[in-house]
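Scroll down for the structure; my scribbles are underneath it.
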Amino acid sequence: MKDSRHIPVRFIAATPRGDVVLNGDRPKRYLPTDPQAEVAENGLRYGPYLEAVRYLLLRQNCQKILEALARRLGRAVNLEEIDFIEIRTEKHGASYHVARVDLSVSGSLLSFAVNVAASDADRSEMKRDFRLLDKLGRRYPHPFLPQVYFKSAGRYREVGKRSRWLHMYVAEWLRGYHEFHLHLDQQQGCYRLLLWDLDRGSRYLSRAQCLDLYRQAARILTAYYDWNTFRQVYPWHHAAGDFVLKEEGGEVEVRLITIRDYGPVVDFSTGKRAGRLLALILFFLHLTIQNRLDRLDGVGEVVWTDDYCLEGVVAGFFEGLALGGDVKARRGMPPNEEILALLRSLARDEWLQFMREYLDTYTLSQEELSLIQKNCDDHLDKLQQVLLMRA
């Protein structure tokens with residue numbers, strides 16, 4: 001009978017210059033802390049990090065990964081079918097490191113993401129993320145979130161240091177999806193969305209693609225909004241890479257890959273319809289503002305997206321409201337036509353009052369607050385125009 005220790009495993013580092021097979025002294029180098037960093041001494045080295053992922057996959061004779069493969073393929077998978085495994089470093093964020101695992105199963109390649117928490121604080125966030133992705137994936141029938149399989153830990157061993165456990169969870173690998181961020185186009189002298197595609201080369205998204213991106217992001221967030229309990233996916237931020245995008249043949253497809261929390265942001269004591277409508281308006285206003293915020297190249301100063309994005313956000317909001325799913329979450333919610341009529345009817349002073357309520361309700365950095373206050377009047381003007389133009 002085949003033993004997991006005899007499965008060939010290869011370690012690879014994904015870099016801006018292409019894949020690098022790890023050998024020699026490379027495994028001793030420190031992992032970077034963000035996608036564009038070269039070296040950062042954050043306490044984890046390539047070799048022990050990848051060995052910890054290997055430990056996670058092979059422990060108990062690959063029992064957990066075999067169960068994940070069975071869910072993926074819809075049939076039982078045995079150890080003899082695994083030809084080889086490649087573990088590849090892919091992303092390095094503020095909270096997680098992400099490795100991609102490619103398994104050859106009877107000649108077919110299947111990929112998984114392994115999210116790795118490097119600290120106790122990150123471990124708590126990772127456990128919450130896993131729980132919420134699993135919960136919402138079961139509660140709603142939408143294909144917007146990655147499927148999650150199991151969470152466990154891998155032993156990190158570095159020469160001369162005490163070994164420790166790195167906590168991880170295994171999820172669906174979204175092949176062909178990449179981060180995107182606002183980038184300063186020197187030639188045009190403006191901010192443009194740049195898709196970080198290491199496979200086919202980073203490239204700017206067209207205006208039509210950007211509109212579709214914002215429409216899909218707004219639809220996803222609204223799809224998980226609970227009209228009756230005010231629960232929503234929050235916090236989220238484009239700067240953190242919470243959304244990823246796949247571009248093929250000019251078409252774009254967006255997925256949400258992490259959920260830091262899911263709960264009510266407002267807490268009206270009344271259960272009346274008016275309170276629910278007020279909460280929905282605040283959610284909508286947050287949706288229109290937060291989608292406009294990013295950090296330059298994902299890590300720089302906070303920047304503000306052009307007005308055109310609001311057309312996509314407003315369209316996505318109403319699409320998300322119309323999606324089915326959890327019946328309890330939408331019970332008693334008025335139809336889209338009534339909600340649109342309400343938003344159109346709001347006077348300027350009412351929008352300003354909602355803006356003040358929004359600033360008191362949602363958490364914002366000082367940089368974000370300054371940018372919102374600077375652009376508030378223009379934002380509300382454009383938002384009202386988009387609502388009036390909507391069919």
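The values are calculated or read from the model by the stated rules, or taken from the named source; none is laboratory data. On a predicted model such as this, the values are computed, not experimentally measured, just so you know. Note: ideal-geometry Cβ built from the backbone for every residue, glycine included; neighbour counts use all protein chains shown.
A few points about this structure:
- Index of the failed condition, GLY176 passing every other in (1) of a type in the set (Gly, Ala, Ser); (2) surrounded by fewer than 17 Cβ atoms within 10 Å (Cβ to Cβ); (3) more than 19 Å from the chain's Cα centre (by Cα): (3)
- Pair list, Cβ under 9 Å, 6 or more apart: the stretch 364-381 residue in a helix (DSSP H, G or I), other residue hydroxyl-bearing (Ser, Thr, Tyr) and exposed (fewer than 15 other Cβ atoms within 10 Å of the Cβ): none
- Filter result for VAL303 (in contact with a Phe, Trp or Tyr (Cβ under 9 Å, 6 or more places away or on another chain), outside any helix (DSSP H, G or I) and modelled with pLDDT of 95 or more): yes
- Of all residues assigned to the stretch 171-182, at least one qualifies as being hydroxyl-bearing (Ser, Thr, Tyr) and within 30 Å of GLN63 (Cβ to Cβ).
- Among the residues of the stretch 254-296, those that are under 27 Å from ARG128 (Cα atoms), part of a helix (DSSP H, G or I) and touching a His at 6+ places or on another chain (Cβ under 8 Å) comprise THR288, ILE289, GLN290.
- Top-ranked residue of the stretch 50-96 - restricted to ones that are out of contact with any Asp or Glu (no Cβ under 8 Å at 6 or more places or on another chain) and part of a loop (DSSP other than H, G, I, E, B), ranked as surrounded by the most Cβ atoms within 10 Å (Cβ to Cβ): VAL77
- Restricting ARG331, ARG292 to those that are in contact with a helix residue (DSSP H, G or I) (Cβ under 9 Å, 6 or more places away or on another chain) and basic (Lys, Arg) reduces the list to ARG292.
- The condition (being in the same structural domain as LYS382 (by TED's automatic domain parsing) and at pLDDT below 95) is satisfied by just one residue among ARG331, ARG348, ARG344: ARG331.
- Selected residue (criterion: surrounded by the most Cβ atoms within 10 Å (Cβ to Cβ)) from residues of the stretch 228-277 that are closer than 25 Å to VAL327 by Cβ and small (Gly, Ala, Ser): GLY275
- For the condition at pLDDT 95 or above, over 24 Å from ALA171 (Cβ atoms) and touching a Lys or Arg at 6+ places or on another chain (Cβ under 8 Å), PHE243 does not qualify.
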